[in-house]
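To keep things clear, I will list the structure first and then write my remarks on it.
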Amino acid sequence: MEHAPYQLAESLEQALGDPEGPGTVFSHANCLDYDEQEAFPAEICRWLDDWGLADYYVPAEHGGALANYEQILQLMRAVARRDLTVAIGHGKTYLGGVCVWVAGSPAQAAILGCDIRIGDAVSLGLTERAHGSDLLAGEVCGRLEGSHWMVDGEKWLINNATRGQIISLLTRTDPTGGPRGFSILLVDKRHLSTGTYRCLPKVPTHGIRGADISGIAFDGARVPGTSLVGPEGAGIEIVLKALQLTRTMCSALSLGAADHGLDVVLSFAEQRELFGRRLIDLPQARRTLATAAADTLTGEALAIVAGRSLHTLTAELSVTAAVTKYQVPTGTDATLAELAKMLGARAFLKDVHARGMFQKIERDHRIVGLFDGNTLVNLNGLINQFRVLARGWERRDGVADGARQAFDLAEPLPQLDPTRLSLLARHGSTIVSALPGLIDLVREAVDRDAPGLKAALASAERVLAVTEGVHRAMRQQETALTDVAPATFDLAKRYTLCFAAASAIGLWAYNHAAAESGRTGGLWQDALWLRAVLDRVLVRLGEPPSDDPDVYEQLLEQLRGHHEQHLLFSLLPLQLSAGEAR
């Protein structure tokens, strides 16, 4: 089964060339060099600009190439698979522009789109040294004087604050603050008078060492009144809606890290001899690789459905984005930690295996769970919606059209309508509410001609029972703005796993018939990947494992086969450049 976003990412992958090749600009060696020197990967970013990656940061309606968010998800995954520093450093421009895509005027969007396509970097100025995630405490202020805003204050830990030409700046425009006291100003540093702003020094970081993590300070900066994005006072709402898009897309960074980490460790296991046997032949090593593979596919299935539901269930993105931003980075952190155990000391050393690439992947990825809203922020966002999620579950009735479109890869996606973004999913989650209907589809497949699906069906029914219990517990929770009990956060974590399971079941149910005959068909036949994913979800939920003893051995053989063929280990086919799977 070929899928257009994967084909687009494959074209980028092939253009990038062999990551082990001596003449390749975006090579593993060059990435490690930049990291060692803590230098920005400028030459690689210029190559990506020349290829046209920045065009996909701009929606098609504003002159760019971004037709749907599956495109940018798979493109950024391909970049992150090579190097997270490059992906974060270059991809930050999308984050910088997204407030304009959500709430800017057509003229603002057209001008910014043109700037981005010619290579101008854009950043998002939210956080401040003293306030972190507490956006309502922000002190950068703007006062309107005639036709201009006068801006004062400092933003800190801003990606591309120094290298970027343009910054979307969250600004306190009402001295009293509050939810309606902030606005977004689109500030072009090139148009500011000398001495009215200064870039702060680069902050040394443990991971993504070459990225421009710095800050910017304003002192009476004169910004045109036309730089206001959306209505005055709507800044917090615009930012929260924009972050729903970027949090969903952050899954691409985690998937790329998981892809790369799994490849490095599998290569090691195939080559390393221990106790007179290759590591790949030892039962514990085989199980570790297989469960890591299953967890990677869990994140991929969730990310695909979340990316598509961005178009088809836009009003529910406050839930979908929080689930995705929590579950995929957290799952990838856990996967990398388990894989590190197979490498032993080599996971921390620089020059012993793969030039020390694994230690870079692991420390680079740790930051993904922190930006665009950290783990607690996303879980708290779900906790605040427990009641509407529980009510939505009670009203469940089959697989609604928005969910079906998100699951069915053959379905064309409608254009994203940013006006449908909402801070509250008023009808709960259509994805999770589809679970009983999805299980009916699996049951029909079993009844027809696929007795091998019985294990998948049994696991799906167990997930359904857990999901019912999760919503029952949600109904009993009292909403608390502060001092949320740890058990409540645990309940939110369980909900994200139920969401991931529903995404996986829906993706399999609507696509297996077409996918079974494709280049990744071995993963789809007999619901192999679904059986493994559901078993992993159940185990992570604290449930007993499935009675499906052969599933991990079968999945491992698929992993090794993909590796041998230079095919990305993924639900859908993507051919890697020669040498990447070595």
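The values are calculated or read from the model by the stated rules, or taken from the named source; none is laboratory data. Owing to the predicted nature of the structure, the values given are computational and were not obtained by experimental measurement. Glycine gets a Cβ as well: all are built from the backbone with ideal geometry, and neighbour counts include every protein chain shown. Heads up: the accessible areas ignore ligands, DNA and RNA and are worked out on the full protein's heavy atoms, side chains in. Shrake-Rupley method; radii C 1.70, N 1.55, O 1.52, S 1.80 Å.
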*Test: E237 is more than 19 Å from T332 (Cα to Cα), open to solvent by 10 Å² or more (accessible area, probe 1.4 Å) and within 26 Å of the chain's Cα centre (by Cα)*: yes
*Here are some conditions: (1) out of contact with any helix residue (DSSP H, G or I) (no Cβ under 6 Å at 6 or more places or on another chain); (2) under 27 Å from S27 (Cα atoms); (3) modelled with pLDDT under 95. R272 meets all but one. Which one does it not meet?*
(1)
*Does the range 497-517 include one or more residues that are more than 28 Å from L75 (Cβ to Cβ) and modelled with pLDDT of 95 or more?*
yes
*Are there any pairs with C-beta distances below 6 angstrom linking a residue in the range 315-342 that is within 20 Å of R272 (Cα to Cα) to a residue that is polar (S, T, N, Q) and modelled with pLDDT of 95 or more, with the two at least 6 apart or on different chains, and if so which?*
E338/T288; M342/T288
*List every residue pair whose Cβ atoms sit under 8 Å apart, with the two residues 6 or more apart in sequence or on different chains, where the first one lies in the range 513-532 and is among the charged types (D, E, K, R) and the second, anywhere, is open to solvent by 60 Å² or more (accessible area, probe 1.4 Å).*
E516/Q525
*Give the residues of the range 212-234 that are part of a strand (DSSP E or B) and either crowded, with 21+ Cβ neighbours inside 10 Å or in contact with a helix residue (DSSP H, G or I) (Cβ under 8 Å, 6 or more places away or on another chain) (or both), sorted by residue number.*
I213, S214, G215, I216, F218, A221, V223, P224, L228, V229
*Exactly one of (1) in a helix (DSSP H, G or I); (2) touching a His at 6+ places or on another chain (Cβ under 7 Å); (3) not aliphatic (A, V, I, L, M) is unmet by P436. Its number?*
(2)
*Could you please find all residues in the range 307-341 being under 21 Å from A294 (Cα atoms), more than 15 Å from the chain's Cα centre (by Cα), crowded, with 23+ Cβ neighbours inside 10 Å and not hydroxyl-bearing (S, T, Y)?*
L336, L339
_Conditions (1) more than 24 Å from N378 (Cα to Cα); (2) in contact with a Phe, Trp or Tyr (Cβ under 7 Å, 6 or more places away or on another chain); (3) not polar (S, T, N, Q): number failed by Y56_ = (2)
*Could you give me the residue pairs with C-beta distances under 8 Å whose first residue belongs to the range 549-572 and is more than 18 Å from G518 (Cα to Cα), whose second residue is at pLDDT below 95 and hydrophobic (A, V, I, L, M, F, W, C) wherever it lies, and which are 6+ apart or on separate chains?*
V551/A455
*asked:* So, A294, is that one more than 22 Å from G369 (Cβ to Cβ), of a type outside the set (F, W, Y), in contact (Cβ under 8 Å) with a residue 12 or more places away in the chain and not in a strand (DSSP E or B) or not?
replied: no
_Inter-residue pairs, beta-carbon under 6 Å, first closer than 14 Å to D120 by Cβ and in the range 48-65, second open to solvent by less than 20 Å² (accessible area, probe 1.4 Å) and among the β-branched types (V, I, T), 6+ apart_ = A54/I116; Y57/T93; Y57/I116; V58/I116; G64/V58
*Does P573 count as on the phi < 0 side of the Ramachandran plot and in contact with a strand residue (DSSP E or B) (Cβ under 7 Å, 6 or more places away or on another chain)?*
yes
*Could you say whether any residue in the range 124-134 is over 28 Å from L376 (Cβ atoms) and in contact (Cβ under 8 Å) with a residue 60 or more places away in the chain?*
no
*Does V323 satisfy the condition of being of a type in the set (V, I, T), in contact with a Phe, Trp or Tyr (Cβ under 8 Å, 6 or more places away or on another chain) and within 22 Å of D364 (Cα to Cα)?*
yes
_Residue ID - most open to solvent (accessible area, probe 1.4 Å), chosen from residues in the range 9-37 that are among the polar types (S, T, N, Q) and within 12 Å of Q575 (Cα to Cα)_ = Q14
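Looking only at helices (runs of 4 or more DSSP H) that fall completely inside the range 463-572, which ones have 3 or more residues that are open to solvent by less than 30 Å² (accessible area, probe 1.4 Å) and over 28 Å from E444 (Cβ atoms)? Reasoning before the result, please.
Values: elements: 486-515, 521-524, 528-540, 551-564.
In the range 463-572, 486-515, 551-564 are the helices (runs of 4 or more DSSP H) which contain 3 or more residues that are open to solvent by less than 30 Å² (accessible area, probe 1.4 Å) and over 28 Å from E444 (Cβ atoms).
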*within 21 Å of A532 (Cα to Cα) and out of contact with any Lys or Arg (no Cβ under 8 Å at 6 or more places or on another chain), is that true of A445?*
yes
*Tell me, yes or no, whether the range 509-532 has at least one residue that is under 30 Å from D401 (Cα atoms) and among the basic types (K, R).*
yes
*When you scan the range 386-425, how many residues do you find that are open to solvent by 10 Å² or more (accessible area, probe 1.4 Å) and outside any helix (DSSP H, G or I)?*
19
*Can you give me the number of residues within the range 75-90 that are open to solvent by 10 Å² or more (accessible area, probe 1.4 Å) and more than 22 Å from K202 (Cα to Cα)?*
1
*Taking I431 as the residue in question, decide whether it is among the β-branched types (V, I, T), closer than 14 Å to S503 by Cβ and surrounded by fewer than 23 Cβ atoms within 10 Å (Cβ to Cβ).*
no
*With respect to A242, determine if the residue is out of contact with any Lys or Arg (no Cβ under 7 Å at 6 or more places or on another chain), modelled with pLDDT of 95 or more and either in a helix (DSSP H, G or I) or open to solvent by 20 Å² or more (accessible area, probe 1.4 Å) (or both).*
yes
_Test result for E444, modelled with pLDDT of 95 or more and either in a helix (DSSP H, G or I) or open to solvent by less than 10 Å² (accessible area, probe 1.4 Å) (or both)_ = no
